[in-house]
Amino acid sequence: MGILYNPRLMDINNAVVLITGAAQRVGRAVALELARRGARIAFSYYAEDEPWRDALRDLQSLGAAAIAQRADVTRPPEARALVEAALAAFGRVDVLINNASIWLKKPALDISESEWDAEMDVNAKGPFLMAQAVAPHMLAQGSGLILNITDLSAFQTWAGYAHHSASKAALVALTKVLALEWAPAVRVNAIAPGTVLLPDDATEAKRQWAIEKSVLKRVGSPLDVARTALYLIEEDFATGGVYFVDGGRSLV
């Protein structure tokens, strides 16, 4: 007779969520939305000139318990220290969202070794090190969720993004392997956003291009990513999957 596993249904209210790279843009929006739903938030930032103090203030203004810590997630001691900081503040980590990422563009013949390494380090090694640091605690408590933020470059062919695409494809593969290894206690999924937030300097032509690429004929919002994260936090029968939030762009 097999072992009967009785999962602890996860409720976002009072859950502890650790998000990497959440001082700005999509990560910040996800952190704020989950805080509005009652989550306690720990987040990392990479550089002091990021608006992490504003992000922390915004979280606390919502009444959320929140901490911020500077971390280079590509360095094992700093990844472990980030997890330890969340544990010290809140006693547990229920959700890890690997959001920290870089996005470089260059023709394949011109990509330097350091540029290749930078993409692979931040986008693939960093999530692995964070998952490796947090998983023992999740396994000990009998539950947990890891969400990896990938993007469409892992599935589509984009000239000029060989290093970026390779790093995000590696993250998808990592998602599936860890979901298999750490089941049933720890679930691991990935979210693949499309255009949910244009660069600050995006032109109207760029906006129209993004709209035309979408089957739904509109640009998305960081809240689309946040709501998908919320669904995956509370849906306990989903693991090893990649969830597209792209307005159908992956279809064309």
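The values are calculated or read from the model by the stated rules, or taken from the named source; none is laboratory data. Just so we're clear, the structure is a prediction, and the values are computed from it rather than from any experiment. Positions of Cβ are generated from backbone atoms using ideal geometry, with glycine treated the same way; all protein chains shown enter the neighbour counts.
When Asp151 is tested against (1) among the acidic types (Asp, Glu); (2) buried (at least 23 other Cβ atoms within 10 Å of the Cβ); (3) over 23 Å from Val252 (Cα atoms), exactly one condition is not met: (3). Checked against the criterion of being under 26 Å from Arg227 (Cβ atoms), without any contact (Cβ under 8 Å) to a residue 40 or more places away in the chain and among the hydrophobic types (A, V, I, L, M, F, W, C), segment 46-55 contains one or more residues that satisfy it. Candidates Gly220, Gly240: the one that is free of Cβ contacts under 8 Å to residues at least 60 places away in the same chain, of a type outside the set (A, V, I, L, M) and part of a loop (DSSP other than H, G, I, E, B) is Gly220.
For Ala210, indicate whether it is part of a helix (DSSP H, G or I) and out of contact with any helix residue (DSSP H, G or I) (no Cβ under 8 Å at 6 or more places or on another chain).
Yes.
Restricting segment 197-222 to residues that are of a type outside the set (Gly, Ala, Ser) and buried (at least 16 other Cβ atoms within 10 Å of the Cβ), the residue that is nearest to Gly27 (Cα to Cα) is Pro222.
Annotation: Asn189 fulfils all but one of (1) outside any helix (DSSP H, G or I); (2) more than 18 Å from Gly241 (Cβ to Cβ); (3) in contact with a helix residue (DSSP H, G or I) (Cβ under 9 Å, 6 or more places away or on another chain); the unmet one is (2). Of all residues in segment 173-204, those that are within 13 Å of Ala131 (Cβ to Cβ), touching a Phe, Trp or Tyr at 6+ places or on another chain (Cβ under 9 Å) and of a type in the set (A, V, I, L, M, F, W, C) total 4.
From the list Gly194, Gly144, Gly126, the lone residue that is crowded, with 18+ Cβ neighbours inside 10 Å and modelled with pLDDT under 95 is Gly194. Which of the residues spanning segment 189-207 are touching a residue at least 12 places away in the same chain (Cβ under 8 Å) and not hydrophobic (A, V, I, L, M, F, W, C)? The answer is Asn189, Pro193, Gly194, Thr195, Arg207.
Considering only residues that are among the hydroxyl-bearing types (Ser, Thr, Tyr) and in contact with a Pro (Cβ under 8 Å, 6 or more places away or on another chain), which ones fall in segment 137-172?
Ser143
Set side by side, the residues Ala64, Ala31, Ala42 differ, and just one is out of contact with any Phe, Trp or Tyr (no Cβ under 6 Å at 6 or more places or on another chain), touching a residue at least 24 places away in the same chain (Cβ under 8 Å), within 17 Å of Ile146 (Cα to Cα) and crowded, with 18+ Cβ neighbours inside 10 Å, which is Ala42.
Every listed requirement among (1) without any contact (Cβ under 8 Å) to a residue 40 or more places away in the chain; (2) closer than 22 Å to Arg227 by Cα; (3) among the small types (Gly, Ala, Ser); (4) surrounded by fewer than 24 Cβ atoms within 10 Å (Cβ to Cβ) is met by Ala15 save one, (1). Put simply, of Asp72, Asp49, Asp110 the only residue that is of a type in the set (Asp, Glu) and surrounded by 14 or more Cβ atoms within 10 Å (Cβ to Cβ) is Asp72.
For Ala229, state whether it is more than 15 Å from the chain's Cα centre (by Cα) and modelled with pLDDT of 95 or more. Judged against the criteria, Ala229 is not a match. Is there a residue being among the polar types (S, T, N, Q) and assigned to a strand (DSSP E or B) anywhere in segment 149-165? There is no residue in segment 149-165 that is among the polar types (S, T, N, Q) and assigned to a strand (DSSP E or B).
Can Val172 be described as touching a helix residue (DSSP H, G or I) at 6+ places or on another chain (Cβ under 7 Å), of a type in the set (Val, Ile, Thr) and in a helix (DSSP H, G or I)? Criteria met by Val172.
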